[in-house]
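Colleague: Attaching a single structure in structure tokens format; questions to follow.
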Amino acid sequence: MIGGPRGLLEQEVSKPRSVGRTLGRLASYFRPFWLALVGVLLLMVVNAWVQVITPELLGQAVDCYLTPAVAGEFFAAEGAQGMPAAADAAQGAGSFACWFGDVPAGSPTNAYMTGLGRLVLGLIAIFVLGAITGGAMFFMMSWAGQHVLRALQVDVFAHLHRLSLGFYSRNESGDLMSRITNDVSTIQQAISFALIQVLSGFLLLGWIAWNMLTLNWVYALLSLAVVPLMAVATIWFSGQARKAFRVTRKEIGNVNAELEESISGVREVQAFSREEANIESFRASNAANRDANVRAVAYTSALAPTLEALGYVAIAIVAGVGGAFMLQGQTLGGSAVTLGLMIAFIGYVQRFNQPIAQIAVLWANIQSAVAGAERIFDLLDERPEIVERFDPRPMPPIEGRVVFENVGAEYKPGEPVLKGIDLTAEPGQTIAIVGPTGAGKTTLVNLLPRFYDVSSGRVTIDGVDVREVTLESLRKQIGVVLQDSFLFSDTVANNIRYGKPDATDAEVIAAAQLARAHDFIERLPEGYNTVLGERGAGLSQGQRQLLSIARAALSNPRLLILDEATSSVDTRTERQIQAALEQLLAGRTSFVIAHRLSTIRNADQVLVLVKGEIIERGAHEELLARQGFYYNLYMSQFKRQEQVVRASQRVDGAGLVSAPAGA
Ligand SMILES: Nc1ncnc2c1ncn2[C@@H]1O[C@H](COP(=O)(O)OP(=O)(O)OP(=O)(O)O)[C@@H](O)[C@H]1O
Ligand SMILES: [Mg+2]
């Protein structure tokens with residue numbers, strides 16, 4: 001299995017905190033497959049037995065049949081006087097019991113041939129058994145492992161959906177995703193083969209050593225003298241290779257970051273003529289990556305030859321020591337060294353370096369897998385912050401009277417983001433919220449669908465505290481149109497249908513018409529069946545907004561939250577969006593984080609939020625008359641917007657310039 005040490009050494013190694021607990025928990029996932037695991041263990045023992053017995057059978061072939069046959073012929077030629085050792089062997093004084101039948105001394109050569117033939121057939125049968133058990137063992141283990149991993153992955157996926165937004169603001173989605181996929185694939189590797197290789201490696205080493213020691217313990221100890229060296233060499237080389245690969249991972253990270261930045265920021269790169277500088281710096285990171293890789297590969301490629309060389313040293317010891325004692329006819333450790341014993345020992349020491357390398361290379365992987373499992377379990381143990389009461393009731397159909405009573409909110413304890421918010425929205429009213437960036441506008445509206453909870457005070461809808469009802473019944477009745485709504489890579493129709501999957505085509509089209517999106521959808525290559533790119537790529541920003549308005553319109557929410565986009569779109573699209581919004585807002589209580597003067601003008605109340613507090617409130621005209629914070633905001637921001645809109649309407653209206661929708 002040393003075929004791929006590179007990939008294995010390349011992986012990140014991390015150490016688990018509590019091996020016992022994590023393994024226990026992982027084992028609980030394996031419980032339904034215990035029968036398969038028992039089968040794997042049995043197969044593993046049979047497989048190891050095949051490995052252990054093969055050298056011994058070769059020894060038997062020599063001692064039981066070949067040596068006596070040769071010696072017999074020799075006697076026949078010499079007239080019953082020959083070398084004492086050969087005579088011993090001829091009497092059946094070899095190191096082994098002859099499994100395939102003793103042949104009495106002095107039998108004709110044919111008798112030995114028959115014995116040898118039986119042994120060869122037996123050997124073939126054993127090889128076949130080894131191949132079958134080996135295959136079956138890996139298959140069964142992978143089968144159980146795949147079932148367990150898929151179950152684990154589904155658990156993680158389901159759990160991620162239960163976690164609150166707070167969790168996602170603490171953890172980056174990219175990190176989370178690569179963590180989960182990496183951890184799962186490390187565990188998968190460990191379960192599918194690393195575990196088996198390591199276990200059977202230990203089993204094999206122990207069994208072979210024990211066999212050698214029982215056959216001839218002095219000879220065995222001499223032959224095994226190289227093993228500690230092999231272990232040390234393997235551990236050192238794989239340690240060095242891992243260190244070098246750690247550097248390559250860092251460097252490849254740099255290379256990827258540069259690639260990603262240059263590709264995503266290609267407009268800025270070209271606009272500021274940074275091509276040459278970028279190529280130069282990419283060349284440098286690439287060179288660093290190359291050097292680190294070469295170093296890592298050097299250690300990896302040195303491992304196998306080193307082990308092989310040590311293996312040859314072991315064979316030399318076995319052959320040299322064994323040969324010397326055999327030729328002198330002396331005993332070693334109390335028994336004669338026969339040719340068969342020597343051949344068996346050569347077979348044994350050849351089988352040693354593989355399991356040693358396996359264990360050394362894979363041990364770290366198993367550790368990483370346990371650490372990965374630990375992280376996955378940590379994730380599964382993460383409790384959602386927003387939890388339903390133990391006896392939530394469903395939210396009754398919403399009329400739309402929303403009251404904030406002395407509401408405070410904070411993301412970090414002791415750092416209030418909202419303070420003493422009091423407000424009342426009557427059914428059907430539109431509440432516009434304006435204020436500088438970071439004032440707490442998004443935080444305020446997020447309290448309604450309980451994306452976050454208040455830290456003091458309460459939020460009620462029709463007199464019902466939002467914390468008393470089930471999340472589903474609450475959120476189903478609240479529509480949210482975000483600044484940059486997420487579109488899924490699915491058809492346009494399915495994107496509109498997202499909040500109401502059972503909507504008919506007619507309903508989808510009606511919603512699109514309300515959102516003024518119908519016309520441009522019709523012009524798409526496949527109309528409503530056009531598949532959108534990731535995050536709605538292929539549509540203009542204005543078109544994406546219209547689609548998200550259609551989506552909100554279709555689910556017909558009783559309460560609407562709208563985080564208006566600041567981005568300016570062309571005036572025709574702007575007017576379409578305005579018209580769509582007016583129709584969407586009509587008849588439902590709405591909270592709009594407003595950037596459009598038109599929305600603010602039409603709002604029943606405008607709340608001016610600064611540093612988490614409402615400092616002014618009233619209708620647009622009232623606020624202007626007060627000449628306070630809002631007045632200044634209007635003069636600096638909205639006044640210009642109004643002039644621009646007026647000017648462009650004149651141009652547009654005169655037919656001189658006609659901006660295409662969604663250009
Ligand atoms: N998930 C979060 N974790 C910690 N702090 C947050 C989180 N979200 C917002 N904040 C902080 O809370 C404050 C209010 O943020 P909020 O998003 O409500 O502002 P905003 O008024 O919507 O701003 P903008 O107009 O830029 O959208 C900011 O200081 C922000 O840094
Ligand atoms: Mg915001």
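Colleague: Which one is farthest from ligand 2 (Cβ to nearest atom) among residues in the stretch 482-508 that are part of a loop (DSSP other than H, G, I, E, B), out of contact with any strand residue (DSSP E or B) (no Cβ under 8 Å at 6 or more places or on another chain) and acidic (Asp, Glu)?
Modeller: Asp502
Colleague: May I ask you to verify whether Gly134 is on the phi < 0 side of the Ramachandran plot, at pLDDT below 90 and in the same structural domain as Phe33 (by TED's automatic domain parsing)?
Modeller: no
Colleague: With modelled with pLDDT of 90 or more, of a type outside the set (Ser, Thr, Tyr) and within 16 Å of ligand 1 (Cβ to nearest atom) as the only criterion, which of Leu221, Leu163, Leu205 stands out?
Modeller: Leu163
Colleague: So Val464 ticks every box in (1) under 35 Å from the mean Cα position of the chain (by Cα); (2) touching a residue at least 40 places away in the same chain (Cβ under 8 Å) but one. Which box is left unticked?
Modeller: Evaluating Val464 over (1) under 35 Å from the mean Cα position of the chain (by Cα); (2) touching a residue at least 40 places away in the same chain (Cβ under 8 Å) leaves (1) as the failure.
Colleague: Tell me, yes or no, whether the stretch 402-411 has at least one residue that is outside any strand (DSSP E or B), at pLDDT 90 or above and of a type in the set (Asp, Glu).
Modeller: no
Colleague: When the stretch 549-581 is examined, which residues are found to be surrounded by fewer than 20 Cβ atoms within 10 Å (Cβ to Cβ) and within 10 Å of Leu514 (Cα to Cα)?
Modeller: Scanning the stretch 549-581 gives a single hit, Ala579.
Colleague: In addition: Give the residue that is nearest to Ile561 (Cα to Cα), with candidates limited to residues of the stretch 453-469 that are of a type outside the set (A, V, I, L, M) and within 15 Å of ligand 1 (Cβ to nearest atom).
Modeller: Filtering the stretch 453-469 for residues that are of a type outside the set (A, V, I, L, M) and within 15 Å of ligand 1 (Cβ to nearest atom), the one nearest to Ile561 (Cα to Cα) comes out as Asp453.
Colleague: Looking only at the stretch 605-641, count every residue that is closer than 17 Å to Gly440 by Cα and not hydrophobic (A, V, I, L, M, F, W, C) and tell me the total.
Modeller: Of the residues in the stretch 605-641, 6 are closer than 17 Å to Gly440 by Cα and not hydrophobic (A, V, I, L, M, F, W, C).
Colleague: Let me ask you something else. Out of everything in the stretch 480-489 that is within 18 Å of Ser164 (Cα to Cα) and touching a residue at least 60 places away in the same chain (Cβ under 8 Å), what residue ends up being nearest to ligand 1 (Cβ to nearest atom)?
Modeller: Per the criteria, the residue is Leu482.
Yes/no matrix, rows are residues, columns are (1) farther than 13 Å from Leu482 by Cα; (2) in contact with a Cys (Cβ under 6 Å, 6 or more places away or on another chain); (3) crowded, with 17+ Cβ neighbours inside 10 Å:
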position: Tyr528; (1), (2), (3): yes, no, yes
position: Ala537; (1), (2), (3): yes, no, no
position: Ser540; (1), (2), (3): yes, no, yes
position: Leu547; (1), (2), (3): no, no, yes
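Colleague: Further, regarding this structure: Can you tell me how many residues within the stretch 391-426 are surrounded by fewer than 19 Cβ atoms within 10 Å (Cβ to Cβ) and within 14 Å of ligand 1 (Cβ to nearest atom)?
Modeller: Count: 9.
Colleague: Let me ask something else. How many residues are part of a loop (DSSP other than H, G, I, E, B), in contact (Cβ under 8 Å) with a residue 12 or more places away in the chain, within 13 Å of ligand 1 (Cβ to nearest atom) and not hydrophobic (A, V, I, L, M, F, W, C) when one looks only at the stretch 427-452?
Modeller: 4
Colleague: Now a separate question. Filter the stretch 620-646 down to the residues that are free of Cβ contacts under 8 Å to residues at least 24 places away in the same chain, under 23 Å from Leu581 (Cβ atoms) and charged (D, E, K, R) and list them by number.
Modeller: Glu621, Glu622, Lys639, Arg640, Arg646
Colleague: If you don't mind, another one. Taking the condition out of contact with any helix residue (DSSP H, G or I) (no Cβ under 9 Å at 6 or more places or on another chain), within 16 Å of ligand 2 (Cβ to nearest atom) and touching a residue at least 12 places away in the same chain (Cβ under 8 Å), does Val469 pass?
Modeller: Criteria not met by Val469.
Colleague: In the set Arg383, Arg389, Arg375, which member is of a type outside the set (Ser, Thr, Tyr), more than 30 Å from Pro68 (Cα to Cα) and in a helix (DSSP H, G or I)?
Modeller: Arg375
Colleague: If a residue must be within 12 Å of ligand 2 (Cβ to nearest atom) and either modelled with pLDDT of 95 or more or under 20 Å from Leu559 (Cβ atoms) (or both), how many such residues does the stretch 430-449 contain?
Modeller: Number satisfying all stated conditions: 9.
Colleague: Using the structure shown, decide if Arg458 is in contact with a Phe, Trp or Tyr (Cβ under 6 Å, 6 or more places away or on another chain) and either polar (S, T, N, Q) or under 29 Å from Pro392 (Cβ atoms) (or both).
Modeller: no
Colleague: Of the conditions (1) part of a helix (DSSP H, G or I); (2) outside the structural domain of Gln429 (by TED's automatic domain parsing); (3) modelled with pLDDT under 90, Ala663 clears all except one; give me its number.
Modeller: Failed condition: (1).
Colleague: Taking Asp183 as meeting all but one of (1) within 16 Å of ligand 1 (Cβ to nearest atom); (2) crowded, with 21+ Cβ neighbours inside 10 Å, write down the number of the exception.
Modeller: It is condition (1) that Asp183 fails.
Colleague: Run down Ile376, Ile386 and say which single residue is within 16 Å of ligand 1 (Cβ to nearest atom), farther than 30 Å from Ala97 by Cα and in contact (Cβ under 8 Å) with a residue 40 or more places away in the chain.
Modeller: Among Ile376, Ile386, only Ile386 is within 16 Å of ligand 1 (Cβ to nearest atom), farther than 30 Å from Ala97 by Cα and in contact (Cβ under 8 Å) with a residue 40 or more places away in the chain.
Colleague: Looking only at the stretch 605-619, count every residue that is in contact (Cβ under 8 Å) with a residue 60 or more places away in the chain and surrounded by 15 or more Cβ atoms within 10 Å (Cβ to Cβ) and tell me the total.
Modeller: Qualifying residue count for the region: 10.
Colleague: Related question: Test Pro355 against the criterion of being under 23 Å from Val198 (Cα atoms) and surrounded by fewer than 14 Cβ atoms within 10 Å (Cβ to Cβ), and give yes or no.
Modeller: No, not satisfied.
The values are calculated or read from the model by the stated rules, or taken from the named source; none is laboratory data. Keep in mind the model is a prediction, meaning the values are calculated, not measured. Cβ: placed from backbone, ideal geometry, glycine included. Neighbour counts: every protein chain shown.
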